[in-house]
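The block underneath contains the structure these notes are about, expressed in structure tokens.
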Amino acid sequence: MGRKKGNGPERRDRKRRDVGEERRGPAAFDRFYSELLGDRWNTLRPCLRDSGRPVALEAGLLRPYYLDDASVTAAQALGVQGGDTVLDMCAAPGGKTLVLATAAGPGGTVVANERSAARRARLIRVLDEHLPPDIRERVTVTGHDARRWGLHERERYDRVLLDAPCSSEAHVLGSQQHLDRWSPARTRQLAVQAHAMLAAAVDAVKPEGYVLYSTCAVSPLENDGVIERLLKRRSGVVAVCRAQAPWGEPTVHGWEIMPDRAEGRGPIFFALLRRAPFVKASHS
Ligand SMILES: C[S@@+](CC[C@H](N)C(=O)[O-])C[C@H]1O[C@@H](n2cnc3c(N)ncnc32)[C@H](O)[C@@H]1O
């Protein structure tokens with residue numbers, strides 16, 4: 001039996017064309033997020049434009065670095081300890097790398113990876129200007145594609161941070177050009193890419209090691225959706241550990257700090273995963 005003709009997304013798309021609804025641009029953006037988040041979108045949307053509550057990160061640094069309070073909270077949720085071997089898969093501009101490197105201390109090592117050459121240059125500048133020499137010399141900067149990390153190293157790190165490239169709706173709302181170009185394909189494609197990166201992060205961590213997945217997306221497809229997919233495909237290889245923070249609220253698999261309910265902090269989502277002991281991760 002074939003699929004019934006004209007059902008599902010195609011039928012919805014045709015209906016939208018019939019009633020003159022656009023699939024791109026500001027109206028499509030608002031419709032998509034209203035459908036995903038319901039009434040919450042009405043309170044969240046106005047708070048996204050001026051979101052983020054910058055704090056000075058100072059402890060253990062040569063000079064302060066300013067970043068959103070929620071970003072510090074997310075990086076700390078990975079629980080890096082002195083002496084840990086740490087991978088930061090998508091590191092530029094480097095705020096979270098500073099949190100990880102100071103926690104790992106001079107006895108630890110950090111690999112800070114960033115694929116974009118321009119952003120990698122900025123990352124190096126941030127590390128050089130803020131980290132004391134005994135910690136800076138323990139941080140290596142690389143330029144690999146995070147999705148293909150398994151080709152380089154497997155089961156090597158105590159802790160891995162994947163702060164994935166995401167929809168970043170707060171930035172979309174701040175740019176007419178980005179709003180005009182927006183389509184629902186954006187969050188779906190980014191979710192697929194994030195899943196590939198997260199699978200590589202799981203391969204890179206040692207058995208019993210931890211992976212923290214984070215995004216600044218509001219779209220649940222890129223947050224709980226990515227974790228959900230990983231848990232299905234890597235069943236028995238990873239387990240979710242309950243992450244907590246002083247602000248925000250729990251989600252199905254993680255924690256989110258959204259500016260409408262956290263005094264302007266965020267948006268950020270994070271979920272902490274632990275790799276099972278002595279189980280080989282397989283590709284999916
Ligand atoms: C959300 S930002 C990271 C922010 C950073 N963790 C911080 O706190 O400062 C995501 C980064 O991933 C980089 N990126 C995008 N695709 C990548 C890939 N395939 N491999 C590695 N890095 C990638 C982007 O250039 C961007 O700098």
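The values are calculated or read from the model by the stated rules, or taken from the named source; none is laboratory data. Predicted model, so just to flag it, every value in this text is computed and none were measured. Methodologically, a virtual Cβ is constructed for each residue, glycine included, from the backbone with ideal geometry; neighbour enumeration extends over all protein chains shown.
Odds and ends about this structure:
Residue-by-condition table, conditions (1) surrounded by 11 or more Cβ atoms within 10 Å (Cβ to Cβ); (2) touching a helix residue (DSSP H, G or I) at 6+ places or on another chain (Cβ under 7 Å); (3) closer than 30 Å to Glu129 by Cα; (4) modelled with pLDDT of 95 or more:
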position: Arg16; (1), (2), (3), (4): yes, no, no, no
position: Arg23; (1), (2), (3), (4): yes, yes, no, no
position: Tyr33; (1), (2), (3), (4): yes, yes, no, yes
position: Val55; (1), (2), (3), (4): yes, yes, yes, yes
position: Leu62; (1), (2), (3), (4): yes, yes, yes, yes
position: Tyr65; (1), (2), (3), (4): yes, yes, yes, yes
position: Asp68; (1), (2), (3), (4): yes, no, yes, yes
position: Gln76; (1), (2), (3), (4): yes, yes, yes, yes
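- If only residues of the stretch 123-133 that are without any contact (Cβ under 8 Å) to a residue 40 or more places away in the chain and farther than 24 Å from Cys216 by Cα are counted, the one that is surrounded by the most Cβ atoms within 10 Å (Cβ to Cβ) is Asp128.
- If the condition is being under 24 Å from Ala117 (Cα atoms) and away from the ligand (no atom under 16 Å from the Cβ), then the stretch 133-153 contributes Pro133, Ile135, Arg136, Glu137, Arg138.
- Tally, over the stretch 212-229, of residues that are over 13 Å from Val252 (Cβ atoms) and of a type in the set (A, V, I, L, M, F, W, C): 4
- Any hit, the stretch 265-276, residues being among the charged types (D, E, K, R), under 16 Å from the mean Cα position of the chain (by Cα) and part of a helix (DSSP H, G or I): no
- Only residues that are farther than 17 Å from Leu36 by Cα and assigned to a helix (DSSP H, G or I) were counted in the stretch 218-240, giving 6.
- Selection of the stretch 228-262 for residues being within 20 Å of Ala204 (Cβ to Cβ), in contact with a His (Cβ under 9 Å, 6 or more places away or on another chain) and surrounded by fewer than 23 Cβ atoms within 10 Å (Cβ to Cβ) yields Arg229, Leu231, Arg233, Val240.
- Scanning the stretch 81-122 for residues that are more than 8 Å from the ligand (Cβ to nearest atom), without any contact (Cβ under 8 Å) to a residue 60 or more places away in the chain and among the hydroxyl-bearing types (Ser, Thr, Tyr) returns Thr102, Thr109.
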